[in-house]
Amino acid sequence: MSETALRYDILIVGGGMVGLTLANLLNDSGLKVGVVEKFEPKTVTDEIDIRVSAINRASVDIFKAIGAWPEMAARACVYHDMHVWDSSGAGMIHFDSAEVGLDALGYIIENTVIQQALQRCAEQAENVDWICPVSIDSIELADECQQLHLDDGRILECHLLVGADGSRSQVRAAANIDFERLSYGQRAIVCSVETEQPHAETAWQCFTPDGPLAFLPLMNGQSSIVWSLEESKVDAMMALDEDAFCRELEQAFEYQLGSVKLVSPRAAFPLGHGHVDQYVQNGLALVGDAAHNIHPLAGQGANLGFLDAACLAAVIMQAHVANRQWYALHTLRKYERARKGENRLMESSMTAFKLLFSNNDPLLSVVRNAGLVMVDQAPIIKNQFLRHAMGN
Ligand SMILES: Cc1cc2nc3c(=O)[nH]c(=O)nc-3n(C[C@H](O)[C@H](O)[C@H](O)COP(=O)(O)OP(=O)(O)OC[C@H]3O[C@@H](n4cnc5c(N)ncnc54)[C@H](O)[C@@H]3O)c2cc1C
């Protein structure tokens, strides 16, 4: 312990969507929480941000519990249907919320909107400090006390250090937890477009030989594009002028919504996957992308992170209320046991999907198209898929 250090019970490194969710869930815990974030978050403007997330039911329930949902809902686009098909055949699946007795399959929301709503809630929590913008010079880990040395000279101390600092986690590196992020050899191009035909509150996903292409409905009638392409094709696609890019997009999407018009800049994000073996140590835990990275094709990465946050908060609070050592390894292992299997299953399923659908072998194409048709006609299997995707 240092005389000059600022003391917290819990320090969360990373004030992204997952770190802020955890901070909010620890509101009313009686524990003093600090969120350490490197960058000032982007503010929400009238223009729709190009980074959006498909948010499932389980995540909506978490946001409702926090009190952040009304602000998010005001800029969310509900989707009732999901169309998934293989461009190399006739296989397709259609999911309809009415078929499973639900009012929605999910919502498309800008990341900045999620972040801002969570931050506003955290600001109202008396036990949560927002420490931003700041860089961490070094991290010292010990059994009872974890220390962060900030670049402005401050020292922060806590019993539990949480790494919510994304795929290049500094906390994970300081804890010597192995993580290998394997590249998919793909980047995802994201942008917003206007389409000739309305998106019909439907999430569309086409598996092309180059990678999956999603058209996600936005609340202003536009669609958000997530187009995963082989690395070798991305630069050329990004270099095309707007018209040529739109023609390529329409063709890859098989003109499902007619012609498209680009209404935002384009950006490309490298895609990879990886998973830590160790989520926790004595006085330390990893959540969200710091623990696992998956392919965005099913829009699950952040949703898994929100469930990590909910699980970790519950484990901490149960132990704290019972007067047990809530930051000890044996307590934190409950969190690891609850989340690791599910996250790993999702990561390997997404990798299998990606491999299965980006293979041009004609035999494999027949098998996967037959599989899509079979699943589409088997309500029990279809519902299982859906429930899993919705975080249930
Ligand atoms: C193209 C694309 C589309 C996607 N679509 C979806 C989707 O539809 N649905 C879905 O659920 N998921 C989706 N994902 C995945 C999702 O974006 C991530 O899983 C999610 O952002 C992870 O959140 P996080 O808070 O764990 O990490 P991050 O979003 O990476 O946030 C980490 C935070 O920590 C901060 N930070 C980093 N290092 C430090 C440090 N040393 N000190 C202090 N702060 C630090 C960063 O500034 C950042 O604010 C998509 C991903 C991609 C690439």
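Close Lys pairs in the chain (alpha-carbon distance under 30 Å; sequence gap of 8 or more, or different chains): 19. Normalising the average separation of contacting C-alpha pairs (under 8 angstrom, six or more residues apart) by the number of residues puts the relative contact order of the chain at 21 percent.
Counting other Cβ atoms within 10 Å as a rough exposure proxy, the listed residues Leu118, Leu182, Leu141 run Leu182, Leu141, Leu118 from fewest neighbours to most.
Note on Glu201 and Asn176: with the Förster distance fixed at 41 Å, the Cβ-Cβ geometry gives a FRET efficiency of about 0.30.
Among His149, Ser138, Ala309, whose Cα sits farthest toward the positive end of the charge dipole of the chain (+1 at Cβ of Lys/Arg, -1 at Cβ of Asp/Glu, about the Cα centre)? Value computed over the given set: Ala309. At what distance in angstrom do the alpha carbon centres of the stretch 4-56 and the stretch 86-129 lie from each other? Their Cα centres are 18 Å away from one another.
FYI, it's all coordinate maths here, none of it is from the lab. The structure displayed is predicted, hence computed values, not measured ones. We place every Cβ from the backbone using ideal geometry, glycine too, and count neighbours over all the protein chains shown.
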